[in-house]
Amino acid sequence: MFCQDCHERPATLHFTKIVNGQKTEFHICEHCAKEKGEFLPGSNTFSIHQLLSGLLYGDPAISGTASPGLSQQSVLVCPKCGMTYQQFAKIGRFGCSHCYEVFDSKLDPILKRVHGGNTKHEGKIPKRIGSGLQEKRELENLKKSMQQYILSEEFEKAAETRDKIRLLEKQKHQEKGE
Amino acid sequence: MSLEHFISEAISPWMKEEGPDSDIVLSSRIRLARNLENYNFPDFASKEESETVIRKLHEANGDQEFGNWGEFEILSLDQLKPLAKRVLVEKHLISPHLAEQSKYGAVMLNEDESVSIMINEEDHLRIQCLFAGFQLKEALKLAGELDDWLEEKVDYAFDEERGYLTSCPTNVGTGLRASVMMHLPALVITKQISRIIPAINQLGLVVRGIYGEGTEAQGNVFQISNQITLGKSEEDIVEDLRGVVLQLIQQERAARNNLQQGLKIQLEDRIFRSYGVLANSRIIQSKEAAQCLSDVRLGIDLGVIQGISRSILNELMILTQPGFLQQYANEMLNPDERDILRAALIRERVELEEA
């Protein structure tokens with residue numbers, strides 16, 4: 001059967017609309033269904049969240065096959081918005097920013113899967129509420145590179161980096177002292 | 001400014017500017033997802049919470065300093081007719097999600113429609129900046145400035161470890177989605193695109209149709225955007241996308257050259273046939289219209305067709321969408337009626353150019 005709208009593609013959606021007792025049958029293709037847009041349920045409902053929740057359900061920790069810890073996990077609930085971990089896993093979305101803290105112990109594997117193995121923010125830090133974080137991150141990065149210099153036996157560079165770290169830490173203490 | 005201003009014109013003022021590499025890159029977009037601390041995310045928020053978020057934006061908008069980016073208008077979605085919403089979606093000023101699913105949605109638009117801040121979409125705020133042509137860095141800069149400005153006024157949900165917290169875990173971290181809209185007819189004609197798309201996907205980028213998630217590419221226009229938002233800086237994300245787009249531009253140009261050298265007459269035949277269809281048809285479906293517009297635009301870019309402006313593709317692609325047609329006709333139309341009006345509008349526009 002061909003689509004009754006475009007007569008080009010096979011009809012893949014069949015439904016009956018009843019308005020004031022008057023019955024109308026529709027046989028249309030997906031393309032025309034999309035054009036009709038909001039009038040048709042089910043034509044455009046697959047979303048990233050469903051895909052994501054599919055991934056989350058694949059997690060043995062929630063699919064029910066495991067484990068003694070299950071009972072404990074199933075009671076993870078955000079006190080602020082009331083979202084449970086299971087709800088979150090089902091819809092693939094957080095209820096509020098506090099959920100991140102509550103579900104923190106379960107997030108790393110999920111974030112790794114959607115962000116190419118990353119779990120930690122490396123981007124912009126808001127100026128006002130994030131002041132202080134910038135210096136902290138710089139220090140962390142310097143310490144990391146110092147370790148790398150030591151491992152690769154580039155001691156001169158390591159010493160330079162150490163001096164930078166000391167300088168930064170000193171500045172930090174002075175600021176606090178004021 | 002009024003609603004009329006935003007829904008009567010098919011092309012936004014920013015689109016009239018010719019950006020860099022605009023023979024291939026139609027537009028560049030940066031979107032930042034932000035949420036306010038202490039309020040549930042929009043889909044889980046109470047009416048009061050949602051209204052508070054909108055009120056805070058109204059307060060911010062009342063502030064003089066916002067003048068840096070021109071005058072802004074805040075539109076409440078519940079005061080818009082379905083058709084007006086659809087038109088805003090077709091212009092990419094709001095998302096389908098905001099139009100259809102948001103309970104207390106609003107959008108803040110500037111005069112030339114290059115900035116759109118969606119309120120109570122999936123996240124409290126979605127800052128979107130649109131630029132003509134290939135201008136990702138410029139768009140990132142502007143979005144960053146707007147973001148800084150807003151951060152002065154409202155408390156963002158931010159975590160040292162996870163970054164900007166978003167409703168969906170796929171946006172957490174930078175909350176950044178960078179995307180470009182590319183017209184790639186030669187890569188489609190030479191069938192190279194089917195090899196290229198999987199390669200792009202492997203780099204952590206996504207290729208979609210022009211209306212985002214789950215839409216097919218109409219008229220050889222593809223949207224390419226980043227998928228990963230966590231663990232990379234904003235600059236790196238944009239740079240990675242830019243690198244891929246630059247290569248695509250080169251490949252598309254090379255494919256256009258090859259076509260012109262090897263299949264000149266066939267290519268010209270195709271372009272002029274499509275031109276003939278647009279100039280003469282009485283009934284045309286959106287898919288066919290998009291394909292013909294793509295061919296004609298290619299003809300313009302290659303100098304085969306002269307005397308017609310490049311913006312014809314951008315303009316008619318939007319003008320011939322169902323929402324716009326109905327807005328134009330000022331009534332609801334069934335698909336057959338739309339196909340007739342679409343054909344008439346295109347003929348009119350093409351004749352206008354010829355005259």
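Read-outs: derived from the displayed coordinates by stated rules, not from any lab. This is a predicted model, so every value here is computed, not measured. Every residue, glycine among them, receives a Cβ derived from its backbone with ideal geometry; neighbour counts consider all protein chains shown.
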Original post:
Over the Cα atoms of chain B, Rg to Rh with Kirkwood Rh, two decimal places?
Top reply: 0.98
Subject >> Euclidean distance between Cα centres, segment B:300-323 to segment B:27-103, Å >> reply: 30
Original post:
What residues from segment A:126-149 fall in the zone where the backbone N is under 19 Å from a label point 7 Å along the Cα-to-C-beta line of B:Glu160?
Top reply: A:126-145
Subject >> Virtual spin-label span in nm between B:Trp149 and B:Asp269, 7 Å along Cα→Cβ >> reply: 5.5
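Among B:Leu246, B:Leu352, which comes first, second and so on when ranked by fewest other beta-carbon atoms within 10 Å? Kindly include the intermediate steps, with their values, before the conclusion.
On the way: B:Leu246 13, B:Leu352 10.
In increasing order of surrounding Cβ atoms, one gets B:Leu352, B:Leu246.
Among the helices of chain B (complete DSSP H runs), which have Cα atoms covering no less than 30 Å along the helix axis and a Kyte-Doolittle mean of at least -1.0? Walk me through the intermediate numbers first.
Values: long enough: B:234-262 (42 Å, -0.67).
Qualifying helices: B:234-262.
Any number yet on Rg/Rh for segment B:1-137, C-alpha, Kirkwood? Could the numbers behind the result be given before it?
Numbers: Rg = 15.0 Å, Rh = 15.5 Å.
Checking Rg against Rh, the ratio lands at 0.97.
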Subject >> B:Glu331-B:Glu351 FRET efficiency (beta carbon distance; Förster radius 25 Å; 0.05 resolution) >> reply: 0.55
**OP:** Take the alpha carbon gyration tensor of the protein assembly as shown, find the square roots of its eigenvalues, order them as a ≥ b ≥ c, and report rounded if a/c is under 1.5; if not, report prolate when a/b exceeds b/c, else oblate.
**Re:** prolate
Subject >> Under 19 Å from the A:Glu30 label point (7 Å along Cα→beta-carbon), backbone N, segment B:275-289 >> reply: B:286-288
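For the cross-link pairs A:Lys80/B:Lys85; A:Lys90/B:Lys103; A:Lys124/B:Lys141, which exceed 23 Å when the distance is taken from alpha carbon to alpha carbon?
Numbers: A:Lys80/B:Lys85 33 Å; A:Lys90/B:Lys103 21 Å; A:Lys124/B:Lys141 12 Å.
Flagged as over cut-off: A:Lys80/B:Lys85.
Fewest Cβ neighbours within 10 Å first, please rank B:Asp155, B:Asp21, B:Asp123 accordingly. The partial results should precede the final answer.
On the way: B:Asp155 15, B:Asp21 18, B:Asp123 25.
Ascending Cβ contact count within 10 Å gives the list B:Asp155, B:Asp21, B:Asp123.
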